[in-house]
1. Taking the Cβ-Cβ separation of Val71 and Val34 as r and a Förster radius of 30 Å, what is the calculated FRET efficiency to the nearest 0.05?
2. Positive end of the charge dipole of the chain (Lys, Arg +1 and Asp, Glu -1 on Cβ, about the Cα centre): tell me which of Ala77, Ala45, Leu148 has its Cα farthest that way.
3. Quote the FRET efficiency, to the nearest 0.05, computed for Leu234 versus Tyr142 with a Förster distance R0 of 25 Å and r equal to the Cβ-Cβ distance.
4. Accessible area, 1.4 Å probe, largest first: how do Trp241, Trp31, Trp87, Trp127 sort?
5. If you find the alpha carbon centre of segment 135-167 and of segment 267-311, how far apart are they in angstrom?
6. Per residue, how much accessible area does the chain show when a 1.4 Å probe rolls over the protein heavy atoms, in square angstrom?
7. Name the residue farthest towards the positive end of the dipole of the chain from the options Ser106, His342, Gln287, assuming +1 on Cβ of Lys and Arg, -1 on Cβ of Asp and Glu, about the Cα centre.
8. Convert each backbone phi in segment 212-221 into a coupling constant with the Karplus relation 6.51 cos²θ - 1.76 cosθ + 1.60 (shift: θ = phi - 60°), then list the ³J(HN,Hα) values in order as whole Hz, x for Gly and Pro.
Amino acid sequence: MPAPASPPRSTPPSAPPAPPSARRRPPARRWVDVVVGVVLVGLGAVGALRWYDSTAYPVVVLQTAGPFVVVGLGLLAVATLLLRRWWMLLPVVAVLVAAATVAAPSFEATSSPKADRDLTVMSANTWIGSANAEQLMDAVRYHSVDVLVLTEATPAMMRRLDAEGAADYFNQRQGVARADTYTGTMVLSRYPLSVRSLGTDPAVEGTRSVQPEVDVTAPNGTIRLKVAHPTAPLPGDTAEWRAGLRDLQSWKERLDGDELLVMAGDFNAGFGHPGFRDLADGLDDAQRTDGQGWVRTWPFAGHRLPAFAALDHLLSRGLTVVEAGQVAFNRADHAAVWASYHLPPR
């Protein structure tokens, strides 16, 4: 006999489709997207300030934060990846790539370490003459410095340097040392110096600091040296700071394009400031040319913040950068910058 037919199976009714509200992302996920978006916009806005030429104090300060923007965007990209917020990852990576493209040139070395060293220049801010003279002269000897630029130089600082052997090491000096003020500047040299200007007129220099201009007669050629020390961009002084950078730029543009040139000092500005980029246009920054990346020369002694800004520079034209570096001293809030140069054949 045929087996009795089994009763047909009943198909359970399918579940009704979830309402649109139930298919939305969980609230916690939405908040993650919001936080990522807010941080991205904030970092992007701070990074974009480098193209905004302003004397507003908050803007001037934030323009020094470029390296933090790149680091912050990198951390944000990692966090977005770990949280699997795929649709937010694309804009984060796009902004990170743009920021990294801006930062990349400072890591690309174009110096010539095998070239002969014809001239070594060091610039040191002595913090109103309080820097450790022994350490400074040790660095001078170690790097075989030929020309030493001292901003915020005081008579007491010069006496301490001479006690450490500066008078014997350098046989030339020009400038003005001033007591109890940041405005003094001295240039010490192993090679003959010819003064073009002591740079003591604030109406001409755009700053209350002395900015000497001298010719350094090295064995392989003569180099025009200009000291730079614009007013610090403190609250109430940012307009004077910007005017000082503009006056230095005007001075540079008046020069003969064939002259060998070094501008050295505490510029109180970096590549995040449009005014400094205008001034440095056409010149080689020694630390950037040497591919040193995130250079930090301020603040050191006397500040709770770690050093994060490059305010001290050696800018040159017509010279080949052989090597460059920085040296920090006790009782100085700036690190000194130094560079060795090869002069073109005469």
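The values are calculated or read from the model by the stated rules, or taken from the named source; none is laboratory data. This structure is a prediction, so every number in the text was calculated from the model and none was measured. Backbone-built Cβ (ideal geometry, glycine too); neighbour counts: all protein chains shown. These area figures cover heavy atoms from the full protein model, side chains too; ligands, DNA and RNA do not enter into them. Shrake-Rupley method; radii C 1.70, N 1.55, O 1.52, S 1.80 Å.
1. Numbers: r = 22 Å, r/R0 = 0.74.
Computed FRET efficiency for Val71 and Val34 comes out at 0.85.
2. In the chain, that residue is Ala77.
3. E between Leu234 and Tyr142, to the nearest 0.05, is 0.15.
4. Greatest to least solvent exposure: Trp31, Trp87, Trp127, Trp241.
5. A separation of 22 Å, based on Cα centres.
6. Numbers: 17220 Å² over 346 residues.
That works out to 50 Å² for each residue.
7. Ser106
8. Working through the residues one at a time gives x, 10, 9, 9, 9, 8, 7, x, 9, x Hz.
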